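Have a look at the structure below before the remarks.
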Amino acid sequence: MLVVPMIERKRDGGSLTPEEWSALIAAYTEGGVPDYQMAALLMAVVFRGLERQELAALTDAMLASGQRLSFDDWATPRVDKHSTGGVGDKVSLVLAPLVAACGVAVPMMSGRGLGHTGGTLDKLEAIPGFRTVLSLAETKQQVQRLGCAMIGQTPEIAPADRRLYALRDVTGTVEAIPLIAASIMSKKLAEGLTALVLDVKHGSGAFLPDLKDGLELARTMIALGEDRGCPTVALLTAMDRPLGRACGNALETEEAILALRGEGPPDLMEVTYALGVEMLLAAGVERTTSKARKKLEGALGSGLAAEKFEQLIEAQGGNPRVVEDPAVLPQAQAVEVYAAAATGVIARIEPRTIGRAVVAMGGGRLKVEDAVDPTVGFVISAKPGDKVLAGEPIASVYARDASGVELAYEALGRAIVIVDRLAEPPLPLVSHRVTKSGVEDLTRPRPGPKPRAAPRG
Ligand code: URA
């Protein structure tokens, strides 16, 4: 295969044919194209983008590089949720059992921490014994028996994405809308879903901070899903501050368990319910937002969702007692309180600084083969907009030792900005809903019924 002319054509603003993309990805997956050529082509895509038919061909080729989960003629609707990544984002741990408790199957395939963002698999693996590696056959069997499974990308699913993703991670080619869209959708389309809900983050802690880019990514992924028979909807949610209070693997798992027991922080619950409503509507088990929300609240309030999480943990080899007693989770050696440095209003809690600090404390990876320490991280009780007094406790740090505590204090000092008067409010938590029909701005008041004309005379 002559790859150099393809790289040159893409570099100069031309496009590759669908047949070329298909042959190239097949050859790359089998080791027939060297990484350096693929890296050059990816960089050309970062600068030149992809035509619509090129993106479709790339996604299809990545999808075709592996197997697909097939539920044959099983009638139960299957819906997954995928987030583009954030700090403190433990929504998946609450949502999968919650939605499964409402009668919708959730075959959820998640990732590990990436850069400054945390990963669902690392959070689940904080539970002693929890196995995130299941074969496709095991996953299918568990989804049909329990209604949910939470697994990592198996070697059978989209192997081309595995190789491409690792290459992009080390060649500065992650942040490109068509490459992110093809990567996410090639995996999601292999899950045998009846519908997909996307949580596209925007704000300074997101991979694509600009709202405009977030909306374009959402539209791109929706078009890929819809064109392949998978109805897809996206919500744009805020990542200009961490979601919830806990950041760090075991701490986030504990917060998710508390949420399933009805004690979740309001921002985490708002995002979880908004996405859950979309999942129930997409599955067709409810027809209106208010009914879907009531169903979710009922499953949470009755304890059914927490019970479902217990069953899921047990099925995947973990200690289910963790749901009753989160102290089963590994505990940090050094725990200290952090106090507000000044009196005023919290203007910012910078998520990238917090996420990077968790990684530096040992809670994330600098190299793929690094082990993560599940115990370290932060619980930040204050939120942007809160008034605080100097010396008032606003966070706790969880570290391995005194040097970890010092690192954490220094990061909190940089991440938390206290001002006299708030200049700009934080981003709305759930700001836009995107479907194949267009974008709905959820922050605009909806037009009410037209006022009746006053009677004449
Ligand atoms: N998540 C993925 O799976 N792929 C990307 O490219 C970015 C985020």
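The values are calculated or read from the model by the stated rules, or taken from the named source; none is laboratory data. The structure displayed is predicted, hence computed values, not measured ones. Glycine also receives a Cβ, built like all others from the backbone with ideal geometry; neighbour counts cover every protein chain displayed. These accessible areas exclude ligands, DNA and RNA; they are computed on the full protein's heavy atoms, side chains included. Shrake-Rupley method; radii C 1.70, N 1.55, O 1.52, S 1.80 Å.
Observations
- Within the assembled protein chains, the solvent-accessible surface assigned to E54 is about 0 Å², based on a 1.4 Å probe.
- Estimated from helical segments only, the mean residue ellipticity of the chain at 222 nm is -13000 deg cm²/dmol, where each DSSP H run of four or more residues counts as -39500 (n - 2.57).
- Net charge dipole, the chain: roughly 1460 debye, given to the nearest 20, about the Cα centre with Cβ charges of +1 for Lys and Arg and -1 for Asp and Glu.
- Cα gyration tensor, segment 4-49 - rounded (a/c under 1.5), prolate or oblate: oblate
- Overall form of the chain per C-alpha gyration tensor (a/c, 1.5; a/b vs b/c): rounded
- A crude spin-label estimate for the pair T289 and D401, with each label 7 Å from Cα along the Cβ direction, gives 5.2 nm.
- Sorting T272, T194 by solvent-accessible area of protein heavy atoms yields T194, T272, largest first, with a 1.4 Å probe.
- What the phi angles of segment 349-365 give under the Karplus curve with 6.51, -1.76 and 1.60, with θ = phi - 60°, is a coupling list of 10, 6, x, 4, 5, 5, x, 5, 5, 4, 4, 5, 7, x, x, x, 10 Hz, glycine and proline written as x.
- Computed on segment 331-419, the Cα convex hull volume stands at 80 Å³ per residue.
- Scaled radius of gyration (Cα, divided by 2.2 N^0.38 Å) that segment 79-327 gives: 0.93
- Based on C-alpha pairs under 8 angstrom that are at least 6 apart in sequence, segment 331-419 has a relative contact order of 49 percent.
- Summing charges over all other residues whose Cβ lies under 11 Å from the Cβ of L251, with Lys and Arg as +1 and Asp and Glu as -1, gives 0.
- Global form of segment 14-143, assessed from the alpha-carbon gyration tensor, a/c cut-off 1.5: prolate
- DSSP beta bridges fully contained in the chain are about 60 percent antiparallel.
- Working from Cα pairs under 8 Å separated by at least six residues, relative contact order for the chain is 18 percent.
- Scattering curve values for segment 91-194, log₁₀ I(q)/I(0), Debye with Cα scatterers, q = 0.11, 0.15, 0.16, 0.24 Å⁻¹: -0.36, -0.67, -0.76, -1.46
- Dipole size of segment 105-167 about its Cα centre, with +1 on Lys/Arg Cβ and -1 on Asp/Glu Cβ: approximately 40 debye, rounded to the nearest 20.
- Accessible area in square angstrom per residue, the chain, 1.4 angstrom probe: 43
- Less than 5 angstrom separates the built amide H of H432 from those of L236, L442, all sequence-distant by 5 or more or on a different chain.
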